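The values are calculated or read from the model by the stated rules, or taken from the named source; none is laboratory data. All values reported here derive from a predicted model rather than from experimental measurement. Glycine also receives a Cβ, built like all others from the backbone with ideal geometry; neighbour counts cover every protein chain displayed. Remember, those area values only see protein heavy atoms, side chains included, never the ligands or the DNA or RNA. Shrake-Rupley method; radii C 1.70, N 1.55, O 1.52, S 1.80 Å.
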Amino acid sequence: MTDLPPFTSVNLLTGFLGSGKTTLLKRLLADPSLADAAVLINEFGETGLDHHLVERIDENMVLLQSGCVCCTVRGELADAIRDLLSKRDRGIVPPFRRLVIESTGLADPFPVLSTLKADPVLRHHFKAGSVITTVDAVNGMRSLDTYLESNRQAAVADRIVVTKTDLVPDTERLIERLRRINPDCAIIDVRDPALSVDALLADDGCSRGNQSQSASGFYCEESLDVTDAEGNPHSARFRSFSISVDRPVDWTAFGIWLTMLINRHGEQVLRVKGILNIAGEERPVAIHGVQHLVHPPVHMEAWPSEDRRSHVVFIVDGLDPGLIKRSFEAFTLVKRAADGGPRREARDEEPMMVGIGG
(Lines give C-alpha, C1' and ligand atoms only; values in the text may rest on other atoms or scores of the structure.)
Protein backbone atom coordinates (compact mmCIF):
# COMPACT_ATOMS: atom_id res chain seq x y z
CA MET A 1 0.00 0.00 0.00
CA THR A 2 1.16 3.53 -0.76
CA ASP A 3 2.69 5.22 2.27
CA LEU A 4 0.03 7.25 4.00
CA PRO A 5 0.44 10.18 6.38
CA PRO A 6 0.03 9.38 10.10
CA PHE A 7 -3.23 11.35 10.07
CA THR A 8 -5.54 11.87 7.09
CA SER A 9 -6.62 15.51 6.73
CA VAL A 10 -10.36 16.16 6.73
CA ASN A 11 -11.67 19.26 4.95
CA LEU A 12 -15.21 20.45 5.55
CA LEU A 13 -17.16 22.09 2.71
CA THR A 14 -20.11 23.94 4.18
CA GLY A 15 -22.45 26.77 3.23
CA PHE A 16 -26.10 27.69 3.43
CA LEU A 17 -28.83 26.24 1.23
CA GLY A 18 -28.42 27.30 -2.39
CA SER A 19 -25.02 28.91 -1.80
CA GLY A 20 -23.23 26.90 -4.49
CA LYS A 21 -21.60 24.06 -2.51
CA THR A 22 -22.58 21.47 -5.11
CA THR A 23 -21.24 23.54 -8.00
CA LEU A 24 -17.97 24.13 -6.18
CA LEU A 25 -17.74 20.45 -5.25
CA LYS A 26 -18.11 19.38 -8.88
CA ARG A 27 -15.33 21.80 -9.76
CA LEU A 28 -13.13 20.25 -7.07
CA LEU A 29 -13.91 16.71 -8.18
CA ALA A 30 -12.79 17.46 -11.73
CA ASP A 31 -9.34 18.54 -10.52
CA PRO A 32 -6.48 16.00 -10.58
CA SER A 33 -5.43 17.31 -7.15
CA LEU A 34 -8.24 15.24 -5.65
CA ALA A 35 -7.12 11.99 -7.29
CA ASP A 36 -5.82 10.78 -3.92
CA ALA A 37 -8.83 12.00 -1.93
CA ALA A 38 -12.15 10.65 -0.72
CA VAL A 39 -15.32 12.73 -0.64
CA LEU A 40 -18.36 12.23 1.58
CA ILE A 41 -21.53 13.90 0.29
CA ASN A 42 -25.20 13.72 1.21
CA GLU A 43 -26.62 12.17 -1.95
CA PHE A 44 -25.05 11.36 -5.31
CA GLY A 45 -28.10 12.69 -7.12
CA GLU A 46 -27.52 16.20 -5.83
CA THR A 47 -24.09 16.48 -7.43
CA GLY A 48 -24.73 15.15 -10.94
CA LEU A 49 -21.74 12.79 -10.93
CA ASP A 50 -22.86 10.39 -13.65
CA HIS A 51 -20.30 11.62 -16.20
CA HIS A 52 -17.55 11.29 -13.59
CA LEU A 53 -18.30 7.69 -12.58
CA VAL A 54 -15.87 4.90 -13.38
CA GLU A 55 -16.91 2.07 -11.09
CA ARG A 56 -19.52 1.47 -8.43
CA ILE A 57 -17.87 -0.18 -5.44
CA ASP A 58 -21.13 -0.65 -3.52
CA GLU A 59 -24.49 1.11 -3.19
CA ASN A 60 -22.92 4.01 -1.26
CA MET A 61 -19.53 4.35 -2.95
CA VAL A 62 -18.16 4.98 -6.44
CA LEU A 63 -14.74 5.51 -7.98
CA LEU A 64 -14.46 8.64 -10.14
CA GLN A 65 -12.46 9.16 -13.31
CA SER A 66 -9.99 11.31 -11.43
CA GLY A 67 -9.28 8.42 -9.04
CA CYS A 68 -11.19 10.04 -6.19
CA VAL A 69 -13.46 7.85 -4.05
CA CYS A 70 -16.91 9.41 -3.58
CA CYS A 71 -19.34 8.20 -0.93
CA THR A 72 -22.82 9.13 0.17
CA VAL A 73 -23.74 9.65 3.83
CA ARG A 74 -27.03 7.91 4.57
CA GLY A 75 -26.67 7.51 8.31
CA GLU A 76 -24.26 8.62 11.00
CA LEU A 77 -21.19 10.46 9.75
CA ALA A 78 -18.85 8.53 12.06
CA ASP A 79 -20.15 5.23 10.66
CA ALA A 80 -19.55 6.41 7.10
CA ILE A 81 -15.97 7.49 7.86
CA ARG A 82 -15.19 4.26 9.71
CA ASP A 83 -16.55 2.25 6.77
CA LEU A 84 -14.39 4.23 4.38
CA LEU A 85 -11.34 3.72 6.63
CA SER A 86 -12.02 -0.03 6.80
CA LYS A 87 -12.26 -0.30 3.01
CA ARG A 88 -8.99 1.58 2.63
CA ASP A 89 -7.23 -0.72 5.12
CA ARG A 90 -8.53 -3.79 3.26
CA GLY A 91 -7.54 -2.45 -0.16
CA ILE A 92 -11.12 -2.22 -1.44
CA VAL A 93 -10.72 1.50 -2.21
CA PRO A 94 -7.60 3.42 -3.31
CA PRO A 95 -5.33 4.67 -0.48
CA PHE A 96 -6.77 8.17 -0.17
CA ARG A 97 -4.67 10.80 1.63
CA ARG A 98 -7.42 13.38 2.19
CA LEU A 99 -11.12 13.34 3.06
CA VAL A 100 -13.54 16.11 1.98
CA ILE A 101 -16.95 16.25 3.67
CA GLU A 102 -19.83 18.26 2.22
CA SER A 103 -22.27 19.14 5.00
CA THR A 104 -25.95 19.96 4.58
CA GLY A 105 -26.92 23.57 4.05
CA LEU A 106 -28.81 23.88 7.32
CA ALA A 107 -26.11 22.26 9.43
CA ASP A 108 -24.12 23.87 12.19
CA PRO A 109 -20.63 22.90 11.02
CA PHE A 110 -19.20 22.10 14.43
CA PRO A 111 -20.86 18.70 15.02
CA VAL A 112 -19.19 17.51 11.81
CA LEU A 113 -15.79 18.65 13.06
CA SER A 114 -16.37 17.31 16.57
CA THR A 115 -17.04 13.81 15.17
CA LEU A 116 -13.32 13.43 14.52
CA LYS A 117 -12.46 14.11 18.15
CA ALA A 118 -15.39 12.34 19.79
CA ASP A 119 -14.98 8.99 18.03
CA PRO A 120 -12.16 6.91 19.61
CA VAL A 121 -11.27 5.24 16.29
CA LEU A 122 -11.37 8.30 14.06
CA ARG A 123 -9.24 10.53 16.25
CA HIS A 124 -6.32 8.13 15.83
CA HIS A 125 -6.51 8.23 12.03
CA PHE A 126 -7.85 11.65 11.02
CA LYS A 127 -7.13 15.31 11.74
CA ALA A 128 -9.21 18.40 11.05
CA GLY A 129 -8.04 20.40 8.03
CA SER A 130 -9.29 23.69 6.63
CA VAL A 131 -12.98 24.62 6.50
CA ILE A 132 -14.36 26.07 3.25
CA THR A 133 -17.68 27.93 3.36
CA THR A 134 -19.65 29.06 0.32
CA VAL A 135 -21.68 32.28 0.55
CA ASP A 136 -24.20 33.28 -2.10
CA ALA A 137 -23.62 36.84 -3.38
CA VAL A 138 -27.31 37.15 -4.26
CA ASN A 139 -28.93 35.88 -1.06
CA GLY A 140 -26.01 35.92 1.37
CA MET A 141 -27.02 39.09 3.22
CA ARG A 142 -30.55 37.81 3.79
CA SER A 143 -29.29 34.42 4.99
CA LEU A 144 -26.93 36.11 7.45
CA ASP A 145 -29.79 38.28 8.72
CA THR A 146 -32.16 35.36 9.16
CA TYR A 147 -30.28 32.20 10.06
CA LEU A 148 -27.86 31.63 12.91
CA GLU A 149 -26.43 28.62 11.04
CA SER A 150 -25.33 30.87 8.18
CA ASN A 151 -23.41 33.07 10.62
CA ARG A 152 -21.76 30.09 12.31
CA GLN A 153 -20.75 28.62 8.94
CA ALA A 154 -19.02 31.89 8.10
CA ALA A 155 -17.47 32.20 11.56
CA VAL A 156 -15.67 28.83 11.51
CA ALA A 157 -14.36 29.13 7.92
CA ASP A 158 -10.69 29.23 7.02
CA ARG A 159 -11.70 30.24 3.50
CA ILE A 160 -14.97 31.75 2.30
CA VAL A 161 -15.83 31.37 -1.38
CA VAL A 162 -18.32 33.99 -2.56
CA THR A 163 -20.45 32.47 -5.32
CA LYS A 164 -22.82 33.86 -7.99
CA THR A 165 -20.78 37.06 -8.16
CA ASP A 166 -21.68 37.39 -11.84
CA LEU A 167 -25.30 38.09 -10.83
CA VAL A 168 -24.69 41.15 -8.63
CA PRO A 169 -23.07 44.52 -9.45
CA ASP A 170 -20.61 44.30 -6.54
CA THR A 171 -19.96 42.33 -3.37
CA GLU A 172 -18.35 45.04 -1.25
CA ARG A 173 -21.08 45.18 1.40
CA LEU A 174 -21.27 41.40 1.68
CA ILE A 175 -17.50 41.06 2.04
CA GLU A 176 -17.46 43.77 4.69
CA ARG A 177 -20.22 41.89 6.52
CA LEU A 178 -18.31 38.62 6.35
CA ARG A 179 -15.16 40.36 7.52
CA ARG A 180 -16.97 41.50 10.66
CA ILE A 181 -18.02 37.93 11.40
CA ASN A 182 -14.62 36.38 10.63
CA PRO A 183 -11.88 39.03 10.45
CA ASP A 184 -8.96 36.77 9.55
CA CYS A 185 -10.57 34.51 6.95
CA ALA A 186 -9.46 34.40 3.31
CA ILE A 187 -12.43 35.58 1.19
CA ILE A 188 -12.29 34.46 -2.43
CA ASP A 189 -14.44 35.24 -5.48
CA VAL A 190 -15.43 31.95 -7.12
CA ARG A 191 -14.58 33.53 -10.50
CA ASP A 192 -11.04 34.39 -9.42
CA PRO A 193 -8.71 32.66 -11.91
CA ALA A 194 -6.25 32.16 -9.06
CA LEU A 195 -8.74 29.93 -7.22
CA SER A 196 -7.30 26.42 -7.05
CA VAL A 197 -8.13 23.18 -5.30
CA ASP A 198 -4.70 23.07 -3.67
CA ALA A 199 -5.12 26.57 -2.25
CA LEU A 200 -8.62 25.85 -0.93
CA LEU A 201 -7.73 22.59 0.77
CA ALA A 202 -4.23 23.42 1.99
CA ASP A 203 -3.87 22.79 5.71
CA ASP A 204 -2.27 26.13 6.46
CA GLY A 205 -5.20 27.90 8.08
CA CYS A 206 -3.35 28.22 11.37
CA SER A 207 -0.36 30.02 9.87
CA ARG A 208 -1.90 32.60 7.57
CA GLY A 209 -0.02 35.24 9.52
CA ASN A 210 2.74 34.66 6.99
CA GLN A 211 0.47 36.53 4.58
CA SER A 212 0.17 39.72 6.60
CA GLN A 213 -3.17 41.50 6.46
CA SER A 214 -2.13 44.19 8.93
CA ALA A 215 0.79 45.16 11.10
CA SER A 216 -0.12 42.35 13.47
CA GLY A 217 -0.71 39.76 10.77
CA PHE A 218 -4.46 39.81 11.39
CA TYR A 219 -7.43 41.84 10.21
CA CYS A 220 -9.02 42.14 13.64
CA GLU A 221 -7.45 45.03 15.55
CA GLU A 222 -10.46 45.89 17.71
CA SER A 223 -13.76 44.40 18.84
CA LEU A 224 -16.28 44.03 16.01
CA ASP A 225 -19.99 43.63 16.66
CA VAL A 226 -21.97 41.63 14.14
CA THR A 227 -24.63 43.76 12.46
CA ASP A 228 -27.48 43.07 10.05
CA ALA A 229 -27.79 44.29 6.47
CA GLU A 230 -28.95 47.71 7.69
CA GLY A 231 -26.06 48.11 10.10
CA ASN A 232 -28.16 47.48 13.20
CA PRO A 233 -27.05 45.12 15.99
CA HIS A 234 -27.59 41.50 14.96
CA SER A 235 -29.67 39.17 17.09
CA ALA A 236 -26.67 36.84 17.20
CA ARG A 237 -24.33 37.58 20.09
CA PHE A 238 -21.15 37.22 18.05
CA ARG A 239 -18.12 39.37 18.78
CA SER A 240 -14.78 39.49 16.99
CA PHE A 241 -11.91 40.91 19.01
CA SER A 242 -8.18 40.55 19.43
CA ILE A 243 -5.70 40.55 22.29
CA SER A 244 -2.29 42.13 21.65
CA VAL A 245 0.44 42.05 24.29
CA ASP A 246 4.02 43.30 24.39
CA ARG A 247 5.52 40.87 26.91
CA PRO A 248 6.43 37.26 26.07
CA VAL A 249 3.85 34.55 26.72
CA ASP A 250 4.57 31.58 28.98
CA TRP A 251 3.80 28.52 26.82
CA THR A 252 2.84 26.16 29.63
CA ALA A 253 0.58 28.72 31.26
CA PHE A 254 -1.00 29.54 27.90
CA GLY A 255 -1.78 25.87 27.30
CA ILE A 256 -3.46 25.58 30.70
CA TRP A 257 -5.43 28.78 30.11
CA LEU A 258 -6.65 27.79 26.63
CA THR A 259 -7.56 24.28 27.80
CA MET A 260 -9.67 25.70 30.63
CA LEU A 261 -11.35 28.18 28.31
CA ILE A 262 -12.16 25.56 25.66
CA ASN A 263 -13.32 22.95 28.17
CA ARG A 264 -15.74 25.36 29.81
CA HIS A 265 -16.85 27.51 26.88
CA GLY A 266 -15.93 25.62 23.71
CA GLU A 267 -19.43 25.92 22.26
CA GLN A 268 -19.15 29.72 22.53
CA VAL A 269 -15.56 30.11 21.36
CA LEU A 270 -16.25 29.73 17.65
CA ARG A 271 -12.65 30.45 16.62
CA VAL A 272 -9.35 31.32 18.23
CA LYS A 273 -6.30 32.07 16.11
CA GLY A 274 -3.06 33.69 17.09
CA ILE A 275 0.61 34.43 16.63
CA LEU A 276 2.46 34.16 19.94
CA ASN A 277 5.80 35.51 21.12
CA ILE A 278 6.74 32.61 23.38
CA ALA A 279 9.31 33.18 26.11
CA GLY A 280 12.61 31.63 25.03
CA GLU A 281 11.60 31.20 21.36
CA GLU A 282 13.03 33.27 18.50
CA ARG A 283 10.32 32.35 16.01
CA PRO A 284 6.60 32.98 16.47
CA VAL A 285 4.21 30.14 17.22
CA ALA A 286 0.82 30.05 15.44
CA ILE A 287 -2.20 28.59 17.20
CA HIS A 288 -5.62 27.81 15.72
CA GLY A 289 -8.77 26.32 17.21
CA VAL A 290 -12.44 25.90 16.28
CA GLN A 291 -14.66 25.44 19.32
CA HIS A 292 -13.47 22.28 21.14
CA LEU A 293 -10.94 21.42 18.42
CA VAL A 294 -7.44 22.88 18.74
CA HIS A 295 -4.92 22.23 15.97
CA PRO A 296 -1.29 21.42 16.83
CA PRO A 297 0.77 24.62 17.20
CA VAL A 298 2.96 25.62 14.25
CA HIS A 299 6.43 27.15 14.53
CA MET A 300 6.39 29.76 11.78
CA GLU A 301 9.46 30.43 9.66
CA ALA A 302 9.57 34.12 10.57
CA TRP A 303 7.53 37.00 11.92
CA PRO A 304 5.14 38.43 9.28
CA SER A 305 6.24 42.00 10.05
CA GLU A 306 8.43 44.04 12.38
CA ASP A 307 5.72 43.72 15.02
CA ARG A 308 6.90 41.18 17.60
CA ARG A 309 3.88 41.34 19.87
CA SER A 310 1.60 38.38 20.49
CA HIS A 311 -1.79 38.70 18.80
CA VAL A 312 -4.74 36.37 19.44
CA VAL A 313 -8.01 36.79 17.54
CA PHE A 314 -11.29 35.46 18.95
CA ILE A 315 -14.75 35.00 17.51
CA VAL A 316 -17.12 34.32 20.39
CA ASP A 317 -20.82 33.86 20.90
CA GLY A 318 -22.10 35.52 24.07
CA LEU A 319 -18.80 35.76 26.01
CA ASP A 320 -17.49 39.01 27.50
CA PRO A 321 -14.26 40.04 25.70
CA GLY A 322 -13.13 42.01 28.76
CA LEU A 323 -13.14 38.94 31.00
CA ILE A 324 -11.27 36.87 28.43
CA LYS A 325 -8.60 39.55 28.07
CA ARG A 326 -8.08 39.92 31.81
CA SER A 327 -7.86 36.17 32.36
CA PHE A 328 -5.37 35.86 29.48
CA GLU A 329 -3.11 38.47 31.02
CA ALA A 330 -3.39 36.97 34.50
CA PHE A 331 -2.49 33.48 33.32
CA THR A 332 0.02 33.72 30.53
CA LEU A 333 2.28 36.78 30.53
CA VAL A 334 5.94 36.70 31.53
CA LYS A 335 7.38 39.52 33.63
CA ARG A 336 11.03 40.46 33.93
CA ALA A 337 12.67 39.64 37.25
CA ALA A 338 15.01 42.08 38.97
CA ASP A 339 18.07 40.27 37.54
CA GLY A 340 16.74 40.72 34.03
CA GLY A 341 15.66 37.12 33.56
CA PRO A 342 12.08 36.12 32.73
CA ARG A 343 9.68 34.88 35.34
CA ARG A 344 6.06 33.87 35.10
CA GLU A 345 3.35 36.42 35.79
CA ALA A 346 1.86 36.06 39.27
CA ARG A 347 -1.61 34.58 38.82
CA ASP A 348 -3.58 35.99 41.71
CA GLU A 349 -6.57 36.23 39.35
CA GLU A 350 -6.70 32.55 38.37
CA PRO A 351 -10.26 32.08 39.65
CA MET A 352 -11.39 34.64 37.07
CA MET A 353 -11.22 31.93 34.43
CA VAL A 354 -13.82 29.91 36.28
CA GLY A 355 -16.12 32.90 36.27
CA ILE A 356 -16.04 33.68 32.54
CA GLY A 357 -19.52 33.68 31.13
CA GLY A 358 -21.16 33.14 34.51
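In the range 21-54, the residue that is modelled with the highest pLDDT out of those that are open to solvent by 20 Å² or more (accessible area, probe 1.4 Å) and under 22 Å from Arg82 (Cβ atoms) is Asp36.
Residues in the range 143-177 that are in contact with a Cys (Cβ under 7 Å, 6 or more places away or on another chain) and either closer than 16 Å to Leu113 by Cβ or part of a helix (DSSP H, G or I) (or both): Ala157, Asp158, Arg159.
Candidates in the range 121-149 are the residues that are β-branched (Val, Ile, Thr) and touching a residue at least 24 places away in the same chain (Cβ under 8 Å); of these, the one that is surrounded by the fewest Cβ atoms within 10 Å (Cβ to Cβ) is Val121. Would you confirm whether or not the range 211-219 contains a residue that is under 20 Å from the mean Cα position of the chain (by Cα), polar (S, T, N, Q), modelled with pLDDT of 85 or more and outside any strand (DSSP E or B)? No.
How many residues, within the range 55-82, are open to solvent by 10 Å² or more (accessible area, probe 1.4 Å), farther than 23 Å from Gly20 by Cα, under 25 Å from the mean Cα position of the chain (by Cα) and modelled with pLDDT of 75 or more? Residues in the range 55-82 being open to solvent by 10 Å² or more (accessible area, probe 1.4 Å), farther than 23 Å from Gly20 by Cα, under 25 Å from the mean Cα position of the chain (by Cα) and modelled with pLDDT of 75 or more: 5 in total. Between Arg98, Arg152, the distinction of being surrounded by fewer than 24 Cβ atoms within 10 Å (Cβ to Cβ), in the same structural domain as Leu29 (by TED's automatic domain parsing) and within 17 Å of Leu25 (Cα to Cα) belongs to Arg98 only.
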